[in-house]
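In what follows, a structure is listed as structure tokens, so that the remarks can point back to it.
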Amino acid sequence: MRPSLPPSVRAIVRGWLNCNQVVLLAPGDNVLVDSGYCTHREKTLELLASREGLDRQPLERLVNTHCHSDHMGGNAAVASMYGCRITIPAGEVKHVRPWTPQSAWMQQLDQRADPFHFDDTLAAGESFEGGGLEWQAHAAPGHDMDALMFFEPVNRVLVSGDALWEGGMGFVWPTEGPNEFIDAALETLAAIERLDPAIVIPGHGEPFADVKGSVESVRSRLAAFARDPAKNARHGTKVMFVFALLDKESMRVDEVPAYLARVPFYGDVSRRFLGLDPPALAEWLVAELARAGVVSVGEGVIRPNLPA
Ligand SMILES: [Zn+2]
């Protein structure tokens, strides 16, 4: 059962291409946290306006947990619909200004986002008002070294972005040797434990209350990734490919090797950690995802089974 949120806090749960939208309602000062992926912008606007979200009320401010394409891809569409101001984490400015094809690693990963203008920034230690409540910004490095998470101490609600999901978290870059991203992610988990939230609204998946269980399972997974970078590289390859597939909706199986050869991330990770050429990587990837039930393969076409 979904844990109950304060009445002024609404979570619009999406899927794995689009992050969740968190709507914080206060008359004349409605706030949205995160805006989804750009190709689904119309759906995001529809959900945002619906009774699940703003219920036809105006939106004054959009705040991002981090500037990855699935969290800020809809920023431009939301701002042009509502004229709201946009606030991004201070550390993300360097990734989106100037806006380039490689902003937030999009070229490397074959991802997109509509360019947007931000009005101000938020740093760890600062706070903002949302839904009549005060939300503290806390550093949440790991998945994104410049990410923030937002904690409301009265009801103990944490908007975690991709720092913690129910039983998981966002992909953490693999490295040869000591991994600063994994170390940072572990520190973020420790920070979450210190905050002791009663409810977490994650960037993906349903809000959840068993924070301890999720922290423990992510911690053991990160430890396994630290011991075996190739395991992390395989995980990242699967995650990024499914993300791309959710955007494209389908791909011909015989086009997968050329796709993996064309998008820099796959060649880079495979060269460093897996030692597979694109045809071998494609064969492993399609078989692995099909075996896990994450994709279906039929008539020479691969399609994702996860919600977008
Ligand atoms: Zn995300």
* Among ASP29, ASP34, which is the only one that is touching a helix residue (DSSP H, G or I) at 6+ places or on another chain (Cβ under 8 Å), acidic (Asp, Glu), at pLDDT 95 or above and surrounded by 15 or more Cβ atoms within 10 Å (Cβ to Cβ)? -> ASP34
* To do: Within segment 64-109, track down each residue that is buried (at least 20 other Cβ atoms within 10 Å of the Cβ) and at positive phi.
  => ALA104
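Considering only segment 8-18, state which residues are over 30 Å from ARG303 (Cβ atoms), assigned to a loop (DSSP other than H, G, I, E, B) and among the basic types (Lys, Arg).
Within segment 8-18, none qualify.
Among the residues of segment 74-112 satisfying the criterion of being small (Gly, Ala, Ser) and part of a loop (DSSP other than H, G, I, E, B), which is nearest to the ligand (Cβ to nearest atom)? First the steps, then the outcome.
Filtering segment 74-112 for residues small (Gly, Ala, Ser) gives 74, 76-77, 79-80, 83, 90-91, 103-104.
Filter again for part of a loop (DSSP other than H, G, I, E, B), leaving 74, 83.
Values: GLY74: 12, GLY83: 26 Å.
Among those that are small (Gly, Ala, Ser) and part of a loop (DSSP other than H, G, I, E, B), it is GLY74.
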* **Selection count, segment 153-176, where residues are surrounded by fewer than 24 Cβ atoms within 10 Å (Cβ to Cβ) and over 18 Å from HIS235 (Cβ atoms)** => 4
* Just wondering, is there one or more residues in segment 215-235 that are surrounded by 15 or more Cβ atoms within 10 Å (Cβ to Cβ), within 16 Å of the ligand (Cβ to nearest atom) and within 21 Å of VAL295 (Cα to Cα)? -> yes
* Are any residues in segment 187-214 out of contact with any Gly (no Cβ under 8 Å at 6 or more places or on another chain), assigned to a helix (DSSP H, G or I) and more than 14 Å from GLY142 (Cα to Cα), and if so, which ones? -> GLU193, ARG194, LEU195, VAL211, LYS212
* To do: Being out of contact with any strand residue (DSSP E or B) (no Cβ under 8 Å at 6 or more places or on another chain) and of a type in the set (Phe, Trp, Tyr) is the filter; apply it to segment 87-122 and report the residue that is modelled with the highest pLDDT.
  => TRP99
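The values are calculated or read from the model by the stated rules, or taken from the named source; none is laboratory data. Since we're looking at a predicted model, the values are computed, not measured. Every residue, glycine among them, receives a Cβ derived from its backbone with ideal geometry; neighbour counts consider all protein chains shown.
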